[in-house]
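Notes follow once the structure below has been shown.
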Amino acid sequence: MYVQHKKISLVMSMVKHSLIGVIVCSVLACQNGTPVAAGPILVTSSVPLIDTVYESGSKVIVTNAGNANANIATVIADGGISNLFGCSDITLVPAESCTISFNVTESGGFATMAVPYSGINGDSAAYILIGWYNSRGGFALASMSANNNPLSFGVGQTGTSTVTITNIGGYTLNNIVIPTPVILSGSATANISANTCTEPLAINASCSYNVDVTDNYPEQYQQINLGFSAEYAGPNGETVYNRSLLLSYSSEPPV
C-alpha cells in the first residue's frame, strides 16, 4: 500500500512539473525542454548612491541578455538627471552592451531612467532607479584668505596681497563677482588684478586675485573690505552666496 502511494505521488509530481514546463515553454522559448530567454531582454548595471561632493554623475551599462535584437528608442529620465548620452536610437544584438552616462543635480534626489526598446515580442522598457545626495548639506561655503595680511608698503608705493578663495561647500559656485575693494579707513586706493575667479568654481577648487594697494600718506593699521559673490543651484533654487574678508595695511614713511 505504501509503495503504491509513493508511486502515485511520484507520477503526480512528474505530471505537475511537466505541466509547469509546458506553461513556461508557452511563454519562453525552449531548447530540449529547457526554457531559454525569448526575444530581446535588456538588463542594466546598478548605480551606487552618488555623493555629489565627489561625483557629478555616473554611468549605466545596458546589455541585451535575450536571443533577438533589441531596438532601443530614446533614453529618458526624470527631473534631476541631465546630459544623457549613449544607447539612444541604436540596435543591440544578443550579448551586446552599450553605456549611458549622465549627470545629476548637486542637491540630493531620486529619479528613474527608462530605456524603451522593441523586438519580436513588441515594446518593453528597462528601468533604473538612481539616487544621489550631498554629504556637505544644503548650503554653499567658501574659505577666503589673503597673504601679506597685514600688508605693509612705503608711502607712495604699491603693496600687493593675493586673495585665495576655495570652494569647501557642497555646490559649484557660478557667476562669480569680485567687487571693488571698499576702503573702510585710511586714504588708500585699492584695485583688483590677476583675477582668476572668472569661471565656475567646482567643489574643492580654488581661484585667486590680487589686491594692489597704494597710499600717499603715512598710515598705520587701516582696513579694506574685500568681497566675493557667487550663485549656486541649491535645494531652493538659484541662491546668492556672499563672503568678505578684512585686509589691514600700513603705509610706512621713508626712513
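Compute the label zone of ALA194 within region 162-177: residues whose backbone N is under 15 Å from the point 7 Å along Cα-to-Cβ. Counting only backbone N, you get 162-165.
Considering only protein heavy atoms, with the full assembly of protein chains and a 1.4 angstrom probe, order LEU246, LEU92 by accessible area, largest first. Could the numbers behind the result be given before it?
Numbers: LEU246 80, LEU92 0 Å².
If we order LEU246, LEU92 from most to least accessible, we get LEU246, LEU92.
Calculate how many DSSP beta bridges within region 117-255 are antiparallel, expressed in % of all such bridges and rounded to the nearest 5. Bridges in region 117-255 that DSSP calls antiparallel: roughly 90 percent.
Report the calculated FRET efficiency for SER45 and ILE168 (r = Cβ-Cβ distance, R0 = 41 Å), to the nearest 0.05. Write out the running numbers ahead of the final one.
Working: r = 33 Å, r/R0 = 0.80.
Plugging the Cβ-Cβ distance into 1/(1 + (r/R0)^6) gives 0.80.
Over the chain, the alpha carbon radius of gyration divided by the compact-protein estimate 2.2 N^0.38 Å works out to 1.82. When the Cα positions of ASN83, ASN236, SER46 are compared along the charge dipole of the chain, SER46 comes out farthest toward the positive end, with charges on each C-beta of Lys, Arg, Asp and Glu.
What angle do you read, to the nearest 10 degrees and between 0 and 90, between the alpha-carbon axis of helix 2-27 and the longest principal axis of the chain? Long axis of 2-27 versus the principal axis of the chain: about 60 degrees.
The modelled label-to-label distance for the pair LEU184/GLN220, using points 7 Å beyond Cα in the direction of Cβ, is 1.9 nm. Largest accessible area first, the residues ILE41, ILE61 order themselves as ILE61, ILE41 under a 1.4 Å probe with ligands, DNA and RNA left out. Here the sum of -39500 (n - 2.57) over DSSP H runs of 4 or more residues, divided by the residues of the chain, equals -3500 deg cm²/dmol at 222 nm, to the nearest 500. Segment VAL255..THR160, full-extension length gain: 32.1 nm, with 0.36 nm per residue of separation and the alpha-carbon distance subtracted. In order along region 211-219, the phi-based Karplus estimate (6.51 cos²θ - 1.76 cosθ + 1.60, θ = phi - 60°) of 3J(HN,Hα) comes to 10, 9, 10, 10, 9, 8, 10, x, 8 Hz; Gly and Pro are listed as x. Counting only protein heavy atoms and using a 1.4 Å probe, the accessible area of CYS207 comes to about 10 Å². At a threshold of 8 angstrom on Cα-Cα distance, excluding pairs fewer than six apart, so keeping six or more, what relative contact order does the chain reach in percent? That works out to 15 percent. With a Förster radius of 41 Å applied to the C-beta separation of ARG243 and THR74, the computed FRET efficiency comes to 0.45.
The values are calculated or read from the model by the stated rules, or taken from the named source; none is laboratory data. Small disclaimer: the values here were computed from a predicted structure and weren't measured. Cβ: placed from backbone, ideal geometry, glycine included. Neighbour counts: every protein chain shown. The accessibility values were calculated without ligands, DNA or RNA, using every heavy atom of the protein model including side chains. Shrake-Rupley method; radii C 1.70, N 1.55, O 1.52, S 1.80 Å.
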